[in-house]
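The values are calculated or read from the model by the stated rules, or taken from the named source; none is laboratory data. The shown structure was predicted, so the numbers you read here are calculated from the model rather than taken from an experiment. Counting neighbours? That spans all protein chains shown, and the Cβs are built from the backbone with ideal geometry, glycine included. These accessible areas exclude ligands, DNA and RNA; they are computed on the full protein's heavy atoms, side chains included. Shrake-Rupley method; radii C 1.70, N 1.55, O 1.52, S 1.80 Å.
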Amino acid sequence: MKYPPYDRYYDMQTMWFGVIPFNWKTTNFRNILIGISDGTHGTHQRTITGKPLLSAKNVFNDSIKISENESRISEEEYKLIIAKGYPKKGDLLVTCVGTLGRSIVYPYEEPLAFQRSVAFLRLEKKYDLKYFKYLIESKGYQDFLVNTANVSAQGGIYMGDLAASEIVLPSLAEQTKIATFLDYKTAQIDQLIEKKKALIERLNEQRIAIITQAVTKGLNPDAPMKDSGVDWLGEVPKHWSTFAIKRKFKIVNGATPKSGEERFWNGEIIWITPADFSHCERGFISKSIRKITHEGFESCGTSLVPKSSIIVTSRAPIGKVVQAGKNLCTNQGCKSLIVDTDCAAHRFYYYSLLANSEKLNSLGLGTTFMELSNSDLGLFNLPFPPLSEQIQIVKFLDYKTTQIDQLIEKKKTLIEKLKEYRTALITAAVTGKIDVRGFDINKNKTNATTKKRESADAG
């Protein structure tokens, strides 16, 4: 549906919001605030029990997310942090260090303790908080935050710059109308996004199910079966055998050059960490966020592993699996499996381990952090069909997983387009590029219900 523009505009092109409706005003946040602050700048001792100490990573546009393993501080430290009176229910929270510009209206009666990466804006009561939350989410304001951030390892916005930022100010009635419109429309878009995500989840589950079936039962449904003697494998084709990883693979550890030595970094050697696993293609990894020099390579205990070797993450998280697309090395968060067979065999073992990512994760042990040891990985059993059958299974799985991966990529592309549309709609509404004063939420709900009924009747 298209929404009309306002009748008249005036030019504010020097500001991030461009032209605005003729009856709107401009100001800065400082002029509509009762107060502004950020979280604690102090260093606080962590405790096993106590109150959670949150940061920007906990603040999202739809909720404040608190996990069971959050950093915790004592009751005394907590009281010192909240003594200045922030946050309070109805404050506008904005992430201001690292990840910039996520925003939410604080929903709780009791204050939580935050680090300085979160800012609290307390607006005068005559303004609609939701409108300003959406204004902060708009593309123009997000760009402003990025361009204004101080240059440091983690870019951040000073409280003075946040308070001084120029904003658009429609009447209270229009603020509320815009917020209501965006609540309704963004909820619709978010539901579509969640449906796409759920479909991706089902496709991933289907992918793993196909892989697991192929690498444990083979491709012949009529093959005679036998007990493998391995709990996770169960029955396997009668002519298959099994082996412990250490019997056929050399397990190679990774390492990290000294971080403060510039001569060790920005070289030509690919150096993989668990963070790089999200940047692989069809299970092969050929790029790393950081590279090391030959001097850096020689300075630590990492090893060069050949193309097609299998790489398994051994900590944070455990059990992610990829294949080396080129000769490369890794950090200590990965273990590489090197085997002296052809590429088809490598690929079969890659699929076998991929099907058992959760099982590998369950083998992690440790007190400071969970880690998969060489001995536990070495004792992990894999199925061993004849090489000709491995090749057939690999061809089948490459074909089937490529089909599923293409479907997943299409869904991901649709999600990105929906997110872009969501941002564009927010931006257009909060800056007056569209006029939503005629929007009737009850009429829209009625129309939506009618369309669902008509669709159901047609089906």
Return yes or no: is LYS125 over 29 Å from the mean Cα position of the chain (by Cα), of a type outside the set (A, V, I, L, M, F, W, C) and open to solvent by 50 Å² or more (accessible area, probe 1.4 Å)? yes
Might you let me know whether segment 137-156 holds any residue that is open to solvent by less than 60 Å² (accessible area, probe 1.4 Å), within 15 Å of LEU33 (Cβ to Cβ), touching a strand residue (DSSP E or B) at 6+ places or on another chain (Cβ under 8 Å) and at pLDDT 95 or above? no
Exception for GLU70 within (1) without any contact (Cβ under 8 Å) to a residue 24 or more places away in the chain; (2) loosely packed, with under 14 Cβ neighbours inside 10 Å falls at (2)
What do you reckon, is LEU135 within 30 Å of ASP440 (Cβ to Cβ) and assigned to a helix (DSSP H, G or I)? yes
Leading residue by the ranking (farthest from GLY218 (Cα to Cα)) among those in segment 353-371 that are among the charged types (D, E, K, R) and surrounded by 13 or more Cβ atoms within 10 Å (Cβ to Cβ): GLU371
For segment 9-43: of the residues being among the β-branched types (Val, Ile, Thr) and not in a strand (DSSP E or B), which is modelled with the highest pLDDT? ILE32
Could you tell me which residue of segment 244-258 is surrounded by the most Cβ atoms within 10 Å (Cβ to Cβ), considering only residues that are within 36 Å of the chain's Cα centre (by Cα) and not in a loop (DSSP other than H, G, I, E, B)? ILE245
Of the residues in segment 226-235 that are under 21 Å from LEU397 (Cα atoms) and touching an Asp or Glu at 6+ places or on another chain (Cβ under 8 Å), the one that is most open to solvent (accessible area, probe 1.4 Å) is GLU235
With criteria (1) under 28 Å from the mean Cα position of the chain (by Cα); (2) open to solvent by 40 Å² or more (accessible area, probe 1.4 Å), GLU110 comes up short on (1)
Scanning segment 164-183 for residues that are surrounded by fewer than 16 Cβ atoms within 10 Å (Cβ to Cβ) and in a helix (DSSP H, G or I) gives ALA164, LEU172, ALA173, THR176, ASP183
Single condition LYS320 does not satisfy, out of (1) under 20 Å from LEU337 (Cβ atoms); (2) open to solvent by 80 Å² or more (accessible area, probe 1.4 Å); (3) assigned to a helix (DSSP H, G or I): (3)
Test: ILE441 is open to solvent by less than 40 Å² (accessible area, probe 1.4 Å) and either in contact (Cβ under 8 Å) with a residue 24 or more places away in the chain or closer than 30 Å to LYS25 by Cβ (or both): no
Qualifying residues in segment 349-365 (those that are polar (S, T, N, Q) and part of a helix (DSSP H, G or I)) - the one farthest from the chain's Cα centre (by Cα): SER352
Please determine, by comparing only the residues of segment 138-163 that are farther than 19 Å from THR27 by Cβ and in a helix (DSSP H, G or I), which one is farthest from the chain's Cα centre (by Cα). ASN147
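Tell me, which residue of segment 259-287 that is in a loop (DSSP other than H, G, I, E, B) and among the hydroxyl-bearing types (Ser, Thr, Tyr) is surrounded by the fewest Cβ atoms within 10 Å (Cβ to Cβ)? Quick ask: steps written out before the conclusion?
The initial filter retains those residues of segment 259-287 that are in a loop (DSSP other than H, G, I, E, B), namely 259-261, 273, 280, 282-283, 286-287.
In the following step, the residues that additionally are among the hydroxyl-bearing types (Ser, Thr, Tyr) were identified as 259, 273, 286.
Values: SER259: 8, THR273: 18, SER286: 18.
Looking at residues that are in a loop (DSSP other than H, G, I, E, B) and among the hydroxyl-bearing types (Ser, Thr, Tyr), I get SER259.
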Pick from segment 372-402 the residues that are open to solvent by 50 Å² or more (accessible area, probe 1.4 Å) and under 19 Å from VAL322 (Cβ atoms): which of them is farthest from the chain's Cα centre (by Cα)? ASN374
Looking for something touching a residue at least 12 places away in the same chain (Cβ under 8 Å), out of contact with any Lys or Arg (no Cβ under 9 Å at 6 or more places or on another chain) and surrounded by fewer than 18 Cβ atoms within 10 Å (Cβ to Cβ) - is there at least one such residue anywhere in segment 292-301? yes
The lone condition LYS51 fails out of (1) without any contact (Cβ under 8 Å) to a residue 60 or more places away in the chain; (2) farther than 30 Å from ALA187 by Cα; (3) basic (Lys, Arg) is (1)
Which pairs do you get when a residue that is among the charged types (D, E, K, R), found in segment 313-340, comes within reach of a residue that is open to solvent by less than 30 Å² (accessible area, probe 1.4 Å) and part of a strand (DSSP E or B), reach meaning Cβ atoms under 6 angstrom, with the pair 6+ apart or on two chains? LYS320/THR313; LYS335/VAL312; LYS335/SER314
Unmet requirement for GLY283, which otherwise passes all of (1) touching a helix residue (DSSP H, G or I) at 6+ places or on another chain (Cβ under 9 Å); (2) farther than 20 Å from GLU358 by Cα; (3) of a type in the set (Gly, Ala, Ser): (2)
